[in-house]
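The values are calculated or read from the model by the stated rules, or taken from the named source; none is laboratory data. Values in this document were obtained by computation on a predicted structure and should not be read as measured data. Glycine also receives a Cβ, built like all others from the backbone with ideal geometry; neighbour counts cover every protein chain displayed.
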Amino acid sequence: MKGEIRRRVLEQRKMMSPKEVNEKSKKIQEKLFRTSYYQTSRTIMTYVDFQNEVETRSIIKRALNEGKNIVVPLCGPNFSLLPVKIDSFDDLEKGTRGILEPTKKHDIVDVKKLDIVLVPGITFDRSGHRLGYGLAYYDRFLTQLSPSTIIIALAYSFQLVQTLPFEDHDQKMNLIITENEMIHC
Ligand SMILES: Nc1ncnc2c1ncn2[C@@H]1O[C@H](COP(=O)(O)OP(=O)(O)O)[C@@H](O)[C@H]1O
Ligand SMILES: [Mg+2]
């Protein structure tokens with residue numbers, strides 16, 4: 001069930017043109033920048049986009065310019081994610097599955113200090129359920145957060161469905177931002 005939905009939506013995402021990815025990503029970013037969550041945040045953890053995920057490089061750039069702390073996930077053992085602080089794009093290199101990851105492994109930050117976590121995903125529903133790539137990296141990671149951390153999914157509107165199958169271990173989003181709407185879950 002989960003597998004079939006993943007394949008269908010990934011196929012659709014693969015067919016997006018670079019222009020479409022960029023235009024929709026810009027709209028999503030602008031919505032994020034206008035939230036008080038973003039404006040009041042000190043420390044933001046974000047994925048670095050790959051394979052037509054909603055782009056995050058402009059978010060990283062802007063947040064660093066504004067003096068915010070930027071934290072990027074590094075894949076660790078047993079499908080864990082380590083939150084590593086970066087100071088520039090020079091602190092990233094291609095790692096697991098060709099995704100850009102932090103190089104300064106010593107700069108791991110306290111997960112409780114994260115104000116926002118920007119989460120990628122394949123599909124989301126309006127209750128905040130998420131389908132990832134099927135390795136549950138984020139399910140494991142998000143359980144460690146402070147209750148005050150805001151979990152925000154960035155997604156194109158075609159990645160939204162009415163309801164998704166979910167299991168007990170699946171962690172929920174607080175907010176989903178698409179190019180068309182903001183969904184508070
Ligand atoms: N906290 C956890 N510890 C161990 N295994 C887990 C944990 N969370 C999920 N899993 C396992 O990981 C697999 C994939 O989970 P799933 O939620 O389908 O992936 P994703 O969230 O990436 O879409 C499942 O078989 C699940 O049992
Ligand atoms: Mg899951």
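The condition of being assigned to a strand (DSSP E or B), loosely packed, with under 15 Cβ neighbours inside 10 Å and on the phi < 0 side of the Ramachandran plot holds for GLU93. Contact map, segment 52-70: first residue surrounded by fewer than 15 Cβ atoms within 10 Å (Cβ to Cβ), second residue of a type in the set (D, E, K, R) and modelled with pLDDT under 95, Cβ cut-off under 6 Å, separation 6 or more or different chains; the map is empty. Scanning segment 77-90 for residues that are surrounded by fewer than 17 Cβ atoms within 10 Å (Cβ to Cβ) and within 25 Å of THR40 (Cα to Cα) turns up ASP87, SER88, PHE89.
Taking the criterion of being part of a helix (DSSP H, G or I) and aliphatic (A, V, I, L, M), the residues of segment 23-64 that qualify are ILE28, LEU32, ILE59, ILE60, ALA63, LEU64. Elements of the type strands (runs of 3 or more DSSP E) sitting completely within segment 117-185 and holding at least 3 residues that are within 20 Å of THR40 (Cα to Cα) and either touching a strand residue (DSSP E or B) at 6+ places or on another chain (Cβ under 8 Å) or away from ligand 1 (no atom under 12 Å from the Cβ) (or both): these cover 150-154, 175-177, 182-184.
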